[in-house]
Each structure stands twice: as structure tokens, then as C-alpha cells.
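Worksheet: the structure to be examined is printed underneath.
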Amino acid sequence: MQRRKFLKKSGLTTAGLMSASVLASCKTENKPEKAATPTPPAIKPIAICTWNFMNATAKAWEVLNKGGNSLDAVEQGVMIEEADVTNETVGKGGRPDRDGNVTLDACIMDKDGNCGSVVYLQNIVHPISVARKVMEETPHIILAGKGAEQFAYEQGFKKEDLFTESTRKQYEEWKKTSKYETTINIENHDTIGMLAIDEKGDIAGACTTSGMAYKVAGRVGDSPIIGAGLYVDNEVGGATATGVGEEVIRTVGSFLIVELMRQGKSPQEACEEGVKRIMKKNEGRKDFQIGFLAINKQGETGGYCVHPGFTYREYSEKGHENRQVESFYKG
């Protein structure tokens, strides 16, 4: 009797195991194959900048096209505008503050999150290069005023008068009324912000300006402030800003846009949200311009502004392209 019970139980157990095995096999066979994760598109070198600074993006592209890195590309790209005396918002030939001093601001940021900045720098044509030296040669991020100027001389930069005949005449004319006002889309307070991706897929950014024309002496805008005028996260993308910097600083605009891209928004969607955040804090006010420009890790770009008229320049293997930002804040 005991033997028969044992055999009976053993037979049921074996049958149960076989059934379970067959069922498991069926489930495996009938289970649909998991779809392969799509491979992100290959990143191609690209350089973009605020406004229609064709020569700047051409220089950045020259660096990228030779296999250079994105940090060198953005530095050399914006240096073109710093040295262009016909651009009266950046570098040599920038308009002065109300005391007659030409003061420059700039910052730079690399793929690893390293960054450097100079504010209220005088007598140096290329503040972006001084900012890079701050990043690479000191334990600091920001140097200001006379300290930044002295550091520049120690690094081999030469002293040079930043006034031009044109800006000096304009300043003398301005002193007759000493009236300060910003004119939308007239470059008395605009900037060149540049972002680039190199062949390795690494992102860097640079931003440089002479700031608002005839500003109060000592005024610093968003351009040299990491997170406001410029921010780069190599895992996500980068963003830069132009326009009235005080409004960008209040929302830490460029950092906000990069974080929005981290959450899944496209560069265009992130720029739009950045402008909307600013305008929500300035309800009913439209007497200033803000423009945001962004790029993500895949090389997709986007731009958005308060008023129509903001453009940005793009240079890639497709060649030069000046992009008019078609959509703008409508309230």
C-alpha cells in the first residue's frame, strides 16, 4: 500500500513538473520579442550662435571641421566678434557705461562642467579668452574689475583702448541728454552666445558682451553668469540667452532650459517655456526683448523670443543657415 501511494504521488509530481515545463515553454515561445531600442542619430559637428554673426559661426565650424574640440570652437568663434569694431555690443568698439568706461563681460563652459567668467573687465579685447584662463589657471570661476584686468596682464594679454572713433562720438552725443532706454532688437544690449558640438559629441558654450550701452557703472548682466546667460550639461545639451539680462538672471534662464530638456522637452519647447516663465513675472510688460537659444545632445536646435526679430546662425555639414525665430511670445 505504501509503495503504491509513493508511486502514485511520484507520478503526479512528475506529470505536474512536465506540465509546468510545457506551459513555460509555450509562454516563452508566444512571448513577443522586445523591440530593439532605436539608436540615436549620429551626432554631427555643429555650431550655433545668437543673432546673425556669420563670421563667428564660420570660424567655429572651421575648428570643428578640422577635428577640433567644441571648447576651442566656441572661444575662437566669439573672438571674431570681440575683435570686430563694427559690432558695437561686444569687445573692442563696445559702447561704454554712463561714466565713459567700456567694460566687458564673458563666460565659457566646457563638456565637464568647468567654467570661467570675467565681469567689468576693461582694456582687454578678448574677455572670453581671459575667462578661459580663469577656468584653467585658477581655482575660481569669476574674476571682476581691476582684479580680472591684472590677472589678464599676468597671463600675457595686452592693454588696448576699447573705444573707437564711432563709439566715442556716440557717447559724446549721448551725454547731451543722458537718457537711458532700451530699443527692442536694436543692439544696444545684445550679446553673442555660442554653443557647439564636436565630432565626439561633446558640448561647450561661450558668451561675451559689452553689456547695455550707457549702463550704470558697475552693472553686470546675465552674460557672464553661469546658469543665466549660459549653461552646458554634456549629458543633455546647452542654452544661451540674449537681451535684457536682468530678466534672464531672475529665472536662471539658461539652466532652466537645460533642465527642461533633461525632462524630455525639445530645445524649442524648452526655450518657449523659458520665455513664458519670464513673461509670467512681467505680466502686461513688453518693453524689452529676451531671446533664448538651445541645442540638445542630438544636435537639435530651438529658439524663442518675446518679440519678433530674434535670429540665430547655424553652421553644420549642411553649410551656413540664418534662422529667423518664427514663433514668439503672444501672451
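The values are calculated or read from the model by the stated rules, or taken from the named source; none is laboratory data. A quick note: this is a predicted structure, and the numbers were derived from the prediction, not measured. Backbone-built Cβ (ideal geometry, glycine too); neighbour counts: all protein chains shown.
Of everything in segment 303-331, what is buried (at least 23 other Cβ atoms within 10 Å of the Cβ), in contact with a Ser or Thr (Cβ under 6 Å, 6 or more places away or on another chain) and not basic (Lys, Arg)? Give them in sequence order. Lay out the reasoning, then the answer.
Within segment 303-331, the subset buried (at least 23 other Cβ atoms within 10 Å of the Cβ) is 303-306, 310, 312-313, 315.
From what is left, the residues that are in contact with a Ser or Thr (Cβ under 6 Å, 6 or more places away or on another chain) are 312-313, 315.
Hits for segment 303-331 are Tyr312, Tyr315.
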Considering Phe163, Phe157, Phe151, which residue is touching a strand residue (DSSP E or B) at 6+ places or on another chain (Cβ under 9 Å), surrounded by 12 or more Cβ atoms within 10 Å (Cβ to Cβ) and under 22 Å from Val125 (Cβ atoms)?
-> Phe151
Can you spot a residue in segment 260-275 that is in contact (Cβ under 8 Å) with a residue 60 or more places away in the chain and β-branched (Val, Ile, Thr)?
-> no
Check off (1) touching a Lys or Arg at 6+ places or on another chain (Cβ under 9 Å); (2) at pLDDT 95 or above; (3) over 24 Å from Leu162 (Cα atoms) for Ile184 and give me the number that stays unchecked.
-> (2)
Residues located in segment 278-300, provided they are basic (Lys, Arg) and at pLDDT 95 or above | Lys297
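Suppose the filter is touching a Cys at 6+ places or on another chain (Cβ under 7 Å), farther than 20 Å from Cys107 by Cα and assigned to a strand (DSSP E or B); does Gly303 pass it?
Values: touching a Cys at 6+ places or on another chain (Cβ under 7 Å): yes; farther than 20 Å from Cys107 by Cα: yes; assigned to a strand (DSSP E or B): yes.
Yes.
Residue-wise test of (1) touching a Leu at 6+ places or on another chain (Cβ under 9 Å); (2) surrounded by 13 or more Cβ atoms within 10 Å (Cβ to Cβ); (3) modelled with pLDDT of 50 or more.
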| site | (1), (2), (3) |
| --- | --- |
| Phe6 | no, no, no |
| Pro32 | no, no, yes |
| Ile46 | yes, yes, yes |
| Asn52 | no, yes, yes |
| Gly68 | no, yes, yes |
| Val74 | yes, yes, yes |
| Gly91 | yes, yes, yes |
